[in-house]
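The values are calculated or read from the model by the stated rules, or taken from the named source; none is laboratory data. Remember, it's a predicted structure, so these values are computed and weren't measured experimentally. As a convention, Cβ positions derive from the backbone with ideal geometry for all residues, glycine included, and neighbour counts pool all protein chains shown.
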Amino acid sequence: MSSKEEQNRVLEALGAVNEPDVGRGVAELEMVRNIQVEGGGVTLELALVNPATPHREKLERDCIEALKSAGGFSAAKVTIVNPEPDTEARTRETLRNVKNTIAVASGKGGVGKSTTAVNIAMALSFTGARVGILDADIYGPSIPTMLYTDQTPEAPEQGVILPGVAMGIKVISIAYFMRRGQAAIMRGPMVTGATMQFLQQVDWGVLDYLVIDYPPGTGDIQLTLSQNAPLTGAVVVTTPQDIALTDVERAVDMFEKTGVPVLGVCETMSSFICDGCGKEHFIFRSGGGQRIANSIGVPFLGGVPIDPKVADSGDKGFPIVHSHPDSEPAKAYKQIAESVAAQLAIYSAESGHYLKSFQLDWQAM
Ligand SMILES: Nc1ncnc2c1ncn2[C@@H]1O[C@H](COP(=O)(O)OP(=O)(O)O)[C@@H](O)[C@H]1O
Ligand SMILES: [Mg+2]
């Protein structure tokens, strides 16, 4: 460990380097860890505020440049690391090692909610973040179909559930247990019980993001989840022809009443891009999601075009961001995931969780 003086010199040199998603300084956001000064060189770790940031390389470059020019160091090495779950998460029981918990919800079924959940999860995972997905649609679980699963979940003993692994994403769904005829998990006050078991008994390890695929609407499971899961934010999915604004409003209202920030509304099956002429056709009404978002006063996260490849990829277990990463729907999902991650980083910076976790690490050193 280096002297206080040396550390200050490093932090001062980094003074002008901004975290692009939050728009504040890396030093101010307490992202800098493990500073080691030796001779004219310096090494340090930069703990991401946004674990899914698309700006990893830029951050590394900017820091190195600042350390050399402003700090006068002859050599600089910056290692980007994913953050530890914050202190608030560590002290609570439910999902204690999960940094961000994202609910994906919709006013009604069949709008492409599960497809959105798996594609967001996979897009986040591609950035290097540690990701899990919880299929909370107990009556209509579809995640195991949509995600080719390398390793299925297990319940080795009473009260312990180990998630499965699907292409690097940790995954849990009631469907895995039903398929294998393991009815034990469904005993008890069935559905709410199963939801609570998933919240409390799954050993996720450390996750940057847990995506929760909600059942459609605003029933019992949704309330159980919103009251018991420490949700960091919610994404509400709609389609352009979903003129039932009240359904979406009710979903947004449910989160707001339970104190969960609504990160925004996204629209699926927005338009059809003709594979013959390449022209974008708005088969339903255009701009429905945007209008709904405006009228409720939440951000619009983006629209995903209709594409048979989205449905095919889902049916085969390889989400479109994985099977056709350069297609328009994949780009749209990736952009939505990027906005979600950026918004979560802003919330976490605003709530000061970073400062708390940093102080804890600092004292431990
Ligand atoms: N952008 C899209 N283009 C084409 N088909 C889609 C798109 N999004 C979803 N689908 C299909 O619509 C159906 C319903 O989607 P799903 O994600 O299961 O909805 P929900 O979870 O809201 O019930 C699925 O067959 C899915 O493959
Ligand atoms: Mg679904």
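Quick notes on this one:
- Matching entry among GLY25, GLY72, GLY41 (being at negative phi and in contact with a helix residue (DSSP H, G or I) (Cβ under 9 Å, 6 or more places away or on another chain)): GLY25
- Check on PRO329, surrounded by 14 or more Cβ atoms within 10 Å (Cβ to Cβ) and either at pLDDT 85 or above or in the same structural domain as GLY112 (by TED's automatic domain parsing) (or both): yes
Okay, residues lined up against (1) hydroxyl-bearing (Ser, Thr, Tyr); (2) under 26 Å from GLY23 (Cα atoms):
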{"position": "ALA76", "(1), (2)": "no, yes"}
{"position": "THR79", "(1), (2)": "yes, yes"}
{"position": "PRO85", "(1), (2)": "no, yes"}
{"position": "THR94", "(1), (2)": "yes, no"}
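- Among the criteria (1) part of a helix (DSSP H, G or I); (2) over 19 Å from the mean Cα position of the chain (by Cα); (3) not basic (Lys, Arg), the one PHE73 does not fulfil is (1).
- Single match in GLU38, GLU93 (criterion: in the same structural domain as MET196 (by TED's automatic domain parsing) and either over 16 Å from ALA341 (Cβ atoms) or touching a residue at least 40 places away in the same chain (Cβ under 8 Å) (or both)): GLU93
- In region 114-133, the qualifying residues are those that are aliphatic (A, V, I, L, M) and farther than 21 Å from ILE161 by Cα, and the one that is nearest to ligand 1 (Cβ to nearest atom) is ALA117.
- Region 137-167: number of residues that are surrounded by 15 or more Cβ atoms within 10 Å (Cβ to Cβ) and over 14 Å from TRP204 (Cα atoms): 11
Conditions tested, residue by residue: (1) surrounded by fewer than 24 Cβ atoms within 10 Å (Cβ to Cβ); (2) within 16 Å of ligand 2 (Cβ to nearest atom); (3) assigned to a helix (DSSP H, G or I).
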position: LEU210; (1), (2), (3): no, no, no
position: LEU225; (1), (2), (3): no, yes, yes
position: VAL236; (1), (2), (3): no, yes, no
position: CYS266; (1), (2), (3): no, yes, no
position: PHE272; (1), (2), (3): yes, no, no
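- Within region 307-318, residues that are assigned by TED's automatic domain parsing to the domain that holds PHE282 have Cβ atoms under 7 Å from residues that are among the hydroxyl-bearing types (Ser, Thr, Tyr) and near ligand 1 (Cβ under 6 Å from one of its atoms) in these pairs: VAL310/THR115; GLY314/THR115, counting only partners at least 6 apart in sequence or on another chain.
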